[in-house]
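The values are calculated or read from the model by the stated rules, or taken from the named source; none is laboratory data. Being a predicted model, the structure only gives us computed values, none of them experimental. For neighbour counting, all protein chains shown are included, and Cβ atoms are generated from backbone atoms with ideal geometry for every residue, glycine included. Areas reflect the complete protein model, heavy atoms only, side chains present, ligands, DNA and RNA absent. Shrake-Rupley method; radii C 1.70, N 1.55, O 1.52, S 1.80 Å.
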Amino acid sequence: MKPALKIMHELKIFGVCNVLAVLGLVFGLASTAVATTFPAITTQPVLWLDAGAGVTPGATFTWADQSAGGAGGHDATQNGADSQPTHQTNVINGLPVVRFDGNDDWLQIADHADLDIGHGVGKGFTAFAVFNSTGSSAQRHLFDKRGTTFDYGVFNVSNASRWYVADPAHQNAPLASPGPFSILSYDMDQSGVDGTSGTTNIWVDGVADNSNPQAYSAKVAQNDDPLFIGRHGAILSGYNLQGDLAELIFFDTVLSATDLNDTGYYLADKYGLTPESAVPEPASILLMLGGLVGMLLSRRRRHA
């Protein structure tokens, strides 16, 4: 039998409804499979630190930037042996993390225009972090772009996540209890006509803070200081991150709702996390429903 006729014959035997069922379930489930590369979204990150790629312990601990959206090469490094975090394997969903001890571990990235916000109408910023924090009482800084002046930063204290874009423009948002990993996402839209004001949003595990969007004003100018990972920018110790950082992603713009959502799904799938927002995408739901409808129709035909 010719291949085309054979296929048609098999489809006829199997039944169109069963084909619909199988395709719907297969493709519906496949679209929620674990992602292995950064998703193809409309804007690529200017900083991408993934604990599963480019981590090299040694005399200089290096966490290599994997981004392709900016100048690249924004590696996070630490020369001091006593201040180096450690690379731990098989920690979350079989994937590694960079672990900070909460005492004196931290990394820094050299200043660059890709990493500055400063002043300017229309300037934007979006960050994602997959991390846990085992210390809750003192401030535990996740990332901090400040020295003598503030540009931006996020830290947690007393089970809350806190962001700032000026001093004392601090705002709080809920954070999961110490221990479990969370996906933190944060954006800043400098939409004020004066170039120093706008709004921010923060989400933890896909759940928006009740105050979103939060207004800010009096944004300070960009600085020439490094971007610090795991420490307060102006204080060497005492506010260091205690916990694990699996991934850190920066965009030099406010992501669209679609890109924000797709990046969140990518991280949830990759690390086996199930935040409230990590449900199958609408397209997946429609495909799976189509598959179930196909099975029901097939069942009715067999019992008619």
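For ILE109, the conditions (1) touching a helix residue (DSSP H, G or I) at 6+ places or on another chain (Cβ under 8 Å); (2) open to solvent by 50 Å² or more (accessible area, probe 1.4 Å); (3) modelled with pLDDT of 95 or more are fulfilled apart from (2). Of the residues that make up segment 68-86, is at least one open to solvent by less than 40 Å² (accessible area, probe 1.4 Å), among the polar types (S, T, N, Q), modelled with pLDDT of 90 or more and part of a loop (DSSP other than H, G, I, E, B)? Yes, that holds for at least one residue. The set of residues in segment 29-52 being modelled with pLDDT of 90 or more and open to solvent by less than 30 Å² (accessible area, probe 1.4 Å) consists of PRO45, VAL46, LEU47, LEU49, ASP50, ALA51.
Among the residues making up segment 167-200, a single one is of a type outside the set (Ser, Thr, Tyr), in a strand (DSSP E or B), out of contact with any Ser or Thr (no Cβ under 8 Å at 6 or more places or on another chain) and at pLDDT 85 or above: ILE183. If only residues of segment 201-243 that are part of a loop (DSSP other than H, G, I, E, B) and among the hydrophobic types (A, V, I, L, M, F, W, C) are counted, the one that is most open to solvent (accessible area, probe 1.4 Å) is LEU236.
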